[in-house]
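> Just passing along the structure, written as structure tokens.
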Amino acid sequence: MPDRRAQLEEKIRSFSEQAARAGQLKDKIAELRGQARSGDGSVTVTVAPSGAVLGLQLSPNAMKYSHTQLQQEILATIRAATQQAAQMLQETVVPVLGDQADRFKEAFNAHAGVMLPDAPPQQQQQYAPPPQQQYAPPPPPPQHMSRSAPGNRPRPAPVSDDDDFGGNSILR
């Protein structure tokens, strides 16, 4: 019986150590951030290891790009930041999990749903805003419909006590 008790205590101790390491690993992962800057410094991106964009900064220099060039610059910078975050995640996990790091990576990627293209996508249809329409005031009314002078307006019909409510209508 003492053998069983010692085995059980060893398993509990081992489990407690694993739980403590998992808690420390979770805290380290929560603090990880990947950050990248475009070649000219016009775009800076910060991402979580999952690939979620946490920050995007554009310098005034970014306004020199067309909208499609800026889009490509942002996407390329997001990819670089995500690769950096993935590398940092790998460096954090391997010492703690050892040979089980690959299983962790597969589970993490499945849970996070990170799917970034390796290269910029082929030229996609570009968004073109609808043409702006100029405001034009409404045309003047035709001559036969011109407004009559204020003194020539028809007078409203007189109110009659002969209504559906026996002369007690509130609409008088």
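Taken together, the values in this text are just the output of simple stated rules run on the coordinates, not laboratory data. Please read all numbers here as calculations on a predicted model, not as lab measurements. Positions of Cβ are generated from backbone atoms using ideal geometry, with glycine treated the same way; all protein chains shown enter the neighbour counts.
> If a residue has to be of a type in the set (A, V, I, L, M), touching a residue at least 40 places away in the same chain (Cβ under 8 Å) and either in contact with a strand residue (DSSP E or B) (Cβ under 9 Å, 6 or more places away or on another chain) or outside any helix (DSSP H, G or I) (or both) to count, how many in the range 63-77 make the cut?
If we filter the range 63-77 for residues that are of a type in the set (A, V, I, L, M), which is where we start, we get 63, 70, 74-76.
Restricting the remaining residues to those that are touching a residue at least 40 places away in the same chain (Cβ under 8 Å) gives 75-76.
Now drop any that are not either in contact with a strand residue (DSSP E or B) (Cβ under 9 Å, 6 or more places away or on another chain) or outside any helix (DSSP H, G or I) (or both), which leaves 76.
Residues in the range 63-77 being of a type in the set (A, V, I, L, M), touching a residue at least 40 places away in the same chain (Cβ under 8 Å) and either in contact with a strand residue (DSSP E or B) (Cβ under 9 Å, 6 or more places away or on another chain) or outside any helix (DSSP H, G or I) (or both): 1 in total.
> In addition: Filtering the range 10-37 down to residues that are free of Cβ contacts under 8 Å to residues at least 60 places away in the same chain and touching a helix residue (DSSP H, G or I) at 6+ places or on another chain (Cβ under 8 Å), which residue is surrounded by the most Cβ atoms within 10 Å (Cβ to Cβ)?
Here is the first cut: in the range 10-37, the residues free of Cβ contacts under 8 Å to residues at least 60 places away in the same chain are 10-20, 22-23, 26-27, 30-31, 33-37.
When the remaining residues are screened for being touching a helix residue (DSSP H, G or I) at 6+ places or on another chain (Cβ under 8 Å), the result is 33-37.
Details: R33: 15, G34: 22, Q35: 15, A36: 19, R37: 15.
Only one residue tops the list, namely G34.
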